[in-house]
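*Asks:* Questions regarding the structure given below will be posed in turn.
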């Protein structure tokens with residue numbers, strides 16, 4: 001897979017491995033919301049729709065029920081990881097705005113075209129993102145935009161994400177953006193905050209009967 005994709009993947013991989021967070025928030029003050037980010041609601045329905053799109057795509061490429069169940073088992077933390085990504089998209093948007101960085105549709109289209117050429121076509125790219133990153137075809141355009149946003153923000157910050165120093169600079173920008181947005185997470189999904197290493201992300205809910213499986217299968221870069 002494209003080297004730039006591997007660089008962007010560092011972001012989600014780091015969040016998946018994040019330790020319990022120091023500062024976190026969440027309440028039931030927003031009925032029907034999975035999270036409120038900067039005043040914008042991410043509804044439970046929106047979250048469920050994204051998860052269902054992934055499950056439908058996984059079923060569509062499975063040869064039988066056993067293969068589908070295996071895919072489900074390998075992505076057992078899908079709801080948690082999906083919400084984490086949805087919140088992070090908004091945090092990333094804020095960080096881009098703070099840095100004066102923009103991403104155009106033309107850039108996304110070129111990036112997609114390049115990746116399709118690398119992977120053997122549109123269908124192959126959709127399947128690769130589904131299997132490796134749990135991204136449904138309907139969500140691919142948005143995921144590719146996030147890839148470019150990570151690349152351009154890190155460049156604007158002078159942060160090489162392949163180095164610890166660059167990661168520190170990058171996460172600091174996201175932490176500042178996250179604080180500005182005052183993320184309010186529905187406690188059934190966990191909480192949001194900054195860990196001792198400065199990374200921002202979601203931590204699992206502590207209520208046992210609501211606890212989701214937290215073991216995440218991190219795809220290996222190709």
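*Asks:* So which of 65, 94 is at pLDDT 95 or above and either farther than 30 Å from residue 173 by Cα or out of contact with any helix residue (DSSP H, G or I) (no Cβ under 9 Å at 6 or more places or on another chain) (or both)? Write out each step before concluding.
*Replies:* Details: 94 fails: either farther than 30 Å from residue 173 by Cα or out of contact with any helix residue (DSSP H, G or I) (no Cβ under 9 Å at 6 or more places or on another chain) (or both).
So the residue among 65, 94 that is at pLDDT 95 or above and either farther than 30 Å from residue 173 by Cα or out of contact with any helix residue (DSSP H, G or I) (no Cβ under 9 Å at 6 or more places or on another chain) (or both) is 65.
*Asks:* Quick check on my filter: what residues within the stretch 104-148 are buried (at least 20 other Cβ atoms within 10 Å of the Cβ), outside any helix (DSSP H, G or I) and at negative phi?
*Replies:* If the condition is that a residue be buried (at least 20 other Cβ atoms within 10 Å of the Cβ), outside any helix (DSSP H, G or I) and at negative phi, then 135, 136 are the ones that fit.
*Asks:* Could you say which residue among 60, 56, 95, 66 is touching a residue at least 40 places away in the same chain (Cβ under 8 Å), in a helix (DSSP H, G or I) and farther than 22 Å from residue 147 by Cβ?
*Replies:* Just one listed residue meets the conditions, 56.
*Asks:* Restricting to the stretch 152-165, and then to whatever is modelled with pLDDT of 95 or more and part of a helix (DSSP H, G or I), can you tell me which residue is surrounded by the most Cβ atoms within 10 Å (Cβ to Cβ)?
*Replies:* 154
*Asks:* Has the stretch 41-61 got at least one residue that is under 23 Å from residue 199 (Cβ atoms) and modelled with pLDDT under 95? Working first, answer last.
*Replies:* Keep residues of the stretch 41-61 that are under 23 Å from residue 199 (Cβ atoms), which gives 42, 47, 50.
If we keep only those that are modelled with pLDDT under 95 too, we end up with none.
There is no residue in the stretch 41-61 that is under 23 Å from residue 199 (Cβ atoms) and modelled with pLDDT under 95.
*Asks:* Let me ask something additional. Exactly one condition in (1) assigned to a strand (DSSP E or B); (2) more than 15 Å from the chain's Cα centre (by Cα) is not met by residue 172; state its number.
*Replies:* Every condition holds for residue 172 apart from (1).
*Asks:* OK, next. Only one residue in 114, 147 is in contact (Cβ under 8 Å) with a residue 24 or more places away in the chain and farther than 25 Å from residue 38 by Cβ. Which one?
*Replies:* The match here is 114.
*Asks:* I would also like to ask the following. Would you mind telling me which numbered condition in (1) out of contact with any strand residue (DSSP E or B) (no Cβ under 7 Å at 6 or more places or on another chain); (2) under 25 Å from residue 175 (Cβ atoms); (3) modelled with pLDDT under 95; (4) not in a helix (DSSP H, G or I) residue 81 fails?
*Replies:* Of (1) out of contact with any strand residue (DSSP E or B) (no Cβ under 7 Å at 6 or more places or on another chain); (2) under 25 Å from residue 175 (Cβ atoms); (3) modelled with pLDDT under 95; (4) not in a helix (DSSP H, G or I), only one is false for residue 81: (4).
The values are calculated or read from the model by the stated rules, or taken from the named source; none is laboratory data. Computed from a predicted structure; not experimentally measured. A quick note on method: Cβ atoms are made from the backbone with ideal geometry, for glycine too, and the neighbour counts reach across all protein chains shown.
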